[in-house]
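Undergrad: Structure below; questions to follow.
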Amino acid sequence: MTSGALDQVTGGRVFFKCENLQLAGAFKFRGAYNALSLLTPRERKRGVITHSSGNHAQAVALAASMLRVKATIVMPRDASPVKLEATRQYGADVVLCGPTLEDRVQVTTDLIVRHDYVLIHPYDNARVIAGNGTAALELLQEVEKLDYTFAPVGGGGLLSGTAIATKALCPDTVVIGVEPANADDAYRSFKTGKLMPSINPTTIADGLRTSLSELTFGIIRKHVDDIVTVSESEIVEAMRFLWERMKLVVEPSGAVPLAGLLKLRGRLRNKRAGVIISGGNVDLTRFFEQYAASP
């Protein structure tokens, strides 16, 4: 999709790859389906497991249902109720855990030891990264040459796949990762050349609170040109633009790359830029309750 209003603001042409309209509401379905479709018959019989606060959980659950593979999903108790319910509705067994990444990893590890499940990691998995990269692949096949590509970065699975696909098809395209300033471990890692952990991230972009892995960090260092950070208010303004001006329901994490593009709009005059909108899974319960309560 495109926006005349945004093109006016930037002085260039901006193309959105709308993964908020993807199956399960996010790009995560691409990586999950690719990884599960490549399982051996023996691995399918063992069943799969993953840990996720939401979008990857739903993606693995849906892909497993389509491919008739048993799926167990470890999710934090404070995950979005909407994402929890959707994961269950797709047919996965949901196991709740504490709120931290360490809690998720520990519970997942214990279940693998007990049941011999196959781990489908949210981003530290080459097959997941390859599937994620098909979003940028399709974008470039449709709109052809871009001067810039913007993608969000949390664990780095989407940015890694985006960078690999982009640099393969358009080596001169500048690939920029965008991250919340309140969860800037990827930014710090990229700038220092040393993998840095995420420390107490407190951002509305809940899908971007995770840390890079050695795998994604290596790919990002090789193929990504820069990482920029954006404030919480910049994320909200980008989300508001997408909702109000483009009529796209986009979650905060999905609006982050647009926030980065707007921050760098001075570079975009007479340029062509692509933006990967990563997802649109927003809990709208209170929104509709407010309407229902109105006279």
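Undergrad: Using the number of other C-beta atoms within 10 angstrom as an exposure proxy, rank 29, 241, 150 with the fewest first. Write down the numbers at each step before the final one.
TA: Working: 29 24, 241 20, 150 28.
Result, fewest neighbours first: 241, 29, 150.
Undergrad: Further question: Please rank 115, 121, 56, fewest neighbouring Cβ atoms within 10 Å first, as an exposure proxy.
TA: Details: 115 12, 121 21, 56 31.
So the residues, fewest neighbours to most, are 115, 121, 56.
Undergrad: Tell me what the chain gives for mean residue ellipticity at 222 nm when only DSSP H runs of n ≥ 4 count, each as -39,500 (n - 2.57), the sum divided by the residue total, rounded to 500 deg cm²/dmol. Show your work: numbers first, answer last.
TA: On the way: 14 runs with 144 residues, N = 295.
Computed mean residue ellipticity for the chain: -14500 deg cm²/dmol.
Undergrad: Roughly how many Å is it from the Cα centre of the stretch 62-97 to that of the stretch 127-167, as a whole number?
TA: 26
Undergrad: Which label marks the calculated value of percent of Cα pairs over 37 Å apart, given the options (i) 6; (ii) 26; (iii) 11?
TA: (iii)
Undergrad: Same structure, new question: Give the lysines whose C-alpha is closer than 27 Å to that of residue 145, dropping any in the same chain fewer than 8 places away, or say none.
TA: Result set, ordered by chain and number: 17, 28, 167, 222, 247, 263, 271.
Undergrad: Find out how many positive minus negative residues lie around residue 229, taking Lys and Arg as positive, Asp and Glu as negative, among other residues whose Cβ is under 10 Å from that of residue 229. Before the final figure, lay out each step's value.
TA: Working: positive: 188, 263; negative: 179, 184, 234.
It works out to a net charge of -1.
Undergrad: Here's a follow-up. Need one number: % antiparallel among DSSP beta bridges in the chain, to the nearest 5. Don't jump to the answer; show the numbers that get you there.
TA: On the way: 1 of 31 bridges.
For the chain, the DSSP antiparallel bridge percentage is about 5.
Undergrad: For the stretch 170-192 and the stretch 12-50, what is the separation of their Cα centres, given in Å?
TA: 23
Undergrad: If I build a Gaussian network model for the chain, linking alpha-carbon pairs within less than 10 angstrom, which residue out of 168, 24, 135 has the largest mean-square fluctuation?
TA: 168
Undergrad: Within the stretch 191-295, list the GluC sites (Glu not before Pro) lying in a DSSP loop whose Cβ has at most 12 other Cβ atoms in a 10 Å radius. If you can, show how the numbers build up before the last one.
TA: Working: sites: 214, 232, 234, 237, 244, 289; in loops: none.
Filter output for the stretch 191-295: empty list.
Undergrad: What percent do you get for the relative contact order of the chain when only Cα pairs under 8 Å and 6+ apart count?
TA: Working: 632 pairs, mean separation 66.9, N = 295.
Contact order relative to length: 23 percent.
Undergrad: Report the local net charge at residue 183: Lys and Arg +1, Asp and Glu -1, summed over other residues whose C-beta lies under 13 Å from its C-beta. Intermediate results must be reported in sequence, preceding the final value.
TA: Numbers: positive: 188, 209; negative: 179, 184, 185, 206, 232.
So the surrounding residues net to -3.
All of the numbers you see were taken from the coordinates with simple rules; none came from a lab. Since we're looking at a predicted model, the values are computed, not measured. Here the Cβ is made from the backbone with ideal geometry for all residues, glycine too, and neighbour counts use every protein chain on show.
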